[in-house]
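The values are calculated or read from the model by the stated rules, or taken from the named source; none is laboratory data. The shown structure was predicted, so the numbers you read here are calculated from the model rather than taken from an experiment. Glycine gets a Cβ as well: all are built from the backbone with ideal geometry, and neighbour counts include every protein chain shown. In case anyone asks, the SASA skips ligands and DNA or RNA and just uses the protein heavy atoms, side chains included. Shrake-Rupley method; radii C 1.70, N 1.55, O 1.52, S 1.80 Å.
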Amino acid sequence: MSNLILRFIAGPYQGALYPLPESGEISIGRGLEQSIILDDSLSSRHHALIYGAGDDWQVRDMGSTNGTFVNGERQEEPVKLTVGDTLLIGSSILRLDTASADEKLPDAAIVREQMAQKASDNRQASSSTMSGAIDQVPVVDVLQLLFNLKKSGKLHIESAGHDGEILLDSGMVGDAIIDGKNTVSGAKSFYRIMRWTKGQFEFIPCEVQIEEARRIQSSSEGLLLEAMRQMDEIGRLSAKLPDENAFLEIPVPLEPPLNKLSPEQLDVLQLVHNHSQFVEVLDHSPASDLAVCELIIQLLDGGYIVAAN
């Protein structure tokens, strides 16, 4: 048996492992004759075929209704797979992995039985369409898949004590909210959620109601690009930034002259005076988190504010 496995990292069968043989074909779909049976309304009867030998494997979509995605992109032609590649088939996300030395690999027939039982359990529990861990499947990857499927519903993300919700309307981001704070704009909340790297996600398909005053006007692709830019820039600044729950103080007496500050710096200084906690300053500023972080660092460096112990 090969040491390559298909690891289900999100969806109804999360946690399941399917060992690849030394060579052969693995059919995937809803049909009972498939090697891997996905009891899933988004999976076609004959959905995809994985075939190869040794370390050389490919995947081919079999004319499925919802498509087969490799690393977030829909594939019409056979694609060579390498370790680490992710596949979306129906509502399941699989990753081609190398089994670790301590992983006990079950026989393929046993896997079929376990997945059948899990499908039965999911039906009884009325499980959501897709769930998983964001350290396994980053939020950006989940969203790209939902965009491609043009799904409507609520994407819940829990991370470090925060509860985020992204509303999708036919595959477009309509709004985003963190911890129920609708005073923070949808776009700002969306960018902040995209920086979360630990926690759990769950997508619940449903019709969504979006307040027109809060509806995000940017394209979903544009939102993702800007989110990635802000994430990279804030990551670059992170060593100089206090924890988001830290309190900021204005020294008394304040020695640096206020007339040296720009209007943007003065606005942030006033927010520090009014709200103190760093995350509250971020929430109450109309500027992006990135812009506020840059201004906070300038004020810290200039001695206008200090981070309290």
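Kindly indicate whether Arg74 is within 18 Å of Ala10 (Cβ to Cβ) and open to solvent by 70 Å² or more (accessible area, probe 1.4 Å). In short, yes. Conditions first: (1) in contact with a Ser or Thr (Cβ under 8 Å, 6 or more places away or on another chain); (2) of a type in the set (Phe, Trp, Tyr); (3) open to solvent by less than 30 Å² (accessible area, probe 1.4 Å). Phe278 passes all but one, so which condition is the exception? Phe278 satisfies every listed condition except (1). Listed by position, the strands (runs of 3 or more DSSP E) enclosed by the stretch 76-119 that each have at least 1 residues that are closer than 27 Å to Leu32 by Cβ and basic (Lys, Arg) are 92-98.
The set of residues in the stretch 152-203 that are of a type in the set (Lys, Arg), surrounded by fewer than 22 Cβ atoms within 10 Å (Cβ to Cβ) and in contact with a Gly (Cβ under 9 Å, 6 or more places away or on another chain) contains only Arg195. The strands (runs of 3 or more DSSP E) found entirely in the stretch 162-259 that carry 2 or more residues being within 30 Å of Asn66 (Cβ to Cβ) and aliphatic (A, V, I, L, M) are 162-169, 172-178. Look at the stretch 129-141: where a residue is closer than 14 Å to Ala160 by Cβ and touching a residue at least 12 places away in the same chain (Cβ under 8 Å) and a partner is open to solvent by 50 Å² or more (accessible area, probe 1.4 Å) and basic (Lys, Arg), sitting 6+ places away or on another chain with Cβ atoms under 6 Å, you get Asp135/Lys198.
Kindly indicate whether Gln298 is touching a helix residue (DSSP H, G or I) at 6+ places or on another chain (Cβ under 9 Å), open to solvent by 50 Å² or more (accessible area, probe 1.4 Å), at pLDDT 95 or above and of a type in the set (S, T, N, Q). In short, yes. Pick from the stretch 17-43 the residues that are among the acidic types (Asp, Glu) and either in a loop (DSSP other than H, G, I, E, B) or open to solvent by less than 30 Å² (accessible area, probe 1.4 Å) (or both): which of them is nearest to Val59 (Cα to Cα)? Only one residue fits best here, namely Glu22.
The C-beta contact set for the stretch 49-71 (first residue in a loop (DSSP other than H, G, I, E, B), second residue surrounded by fewer than 16 Cβ atoms within 10 Å (Cβ to Cβ), distance under 8 angstrom, 6+ apart or interchain) comprises Gly54/Glu22; Gly54/Ser23; Gly67/Arg74.
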